[in-house]
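Report on the structure given below.
The values are calculated or read from the model by the stated rules, or taken from the named source; none is laboratory data. Just so it is clear, the model here is predicted, and its values are computed rather than measured. All Cβ positions, glycine included, derive from the backbone under ideal geometry; neighbour counts span all protein chains shown.
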Amino acid sequence: MTPKGWVIAEFYNREAEYESYLRAGPAFVCNNLGTGPQYHRVHRSDCNMLNRAGPASVGPHTSVRKACSRDLQDLAAWLTDRFGPEGMGFAYCKYCLGRNP
């Protein structure tokens, strides 16, 4: 749990832990953290687009940093606090979350 009460799990080069987290139940995943806000995308954990581009498409999924939460509002608040609001610091996947998640 974060100081503000958000429950966020971060994964980078921790493939086994990430896979275990996803197997434990539905979640939301922000992909590509640290590559620039224009690449921060929030997906449902079962989204087919989650690992289709970049290094994670051909190697371990956690070769790019990810932030995960079971609660979409917690993840969005955490991202806003660190990178800025939707549209500036992150975006929602248009395939699994549409324009208004």
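Any residue at all in region 52-60 that is more than 14 Å from the chain's Cα centre (by Cα), over 14 Å from C93 (Cβ atoms) and modelled with pLDDT of 85 or more? No, that holds for no residue. Look at region 62-76: where a residue is hydroxyl-bearing (S, T, Y) and a partner is part of a strand (DSSP E or B) and crowded, with 20+ Cβ neighbours inside 10 Å, sitting 6+ places away or on another chain with Cβ atoms under 9 Å, you get T62/F11; S69/F28; S69/V29; S69/C30. Cβ separations smaller than 7 Å between residues 6+ apart or across chains give no pair from region 1-25 residues that are at pLDDT 95 or above to residues that are in a strand (DSSP E or B) and exposed (fewer than 11 other Cβ atoms within 10 Å of the Cβ). Within region 63-81, track down each residue that is of a type in the set (A, V, I, L, M) and in a helix (DSSP H, G or I). Listed by number, the residues that qualify are L72, L75, A76, A77, L79.
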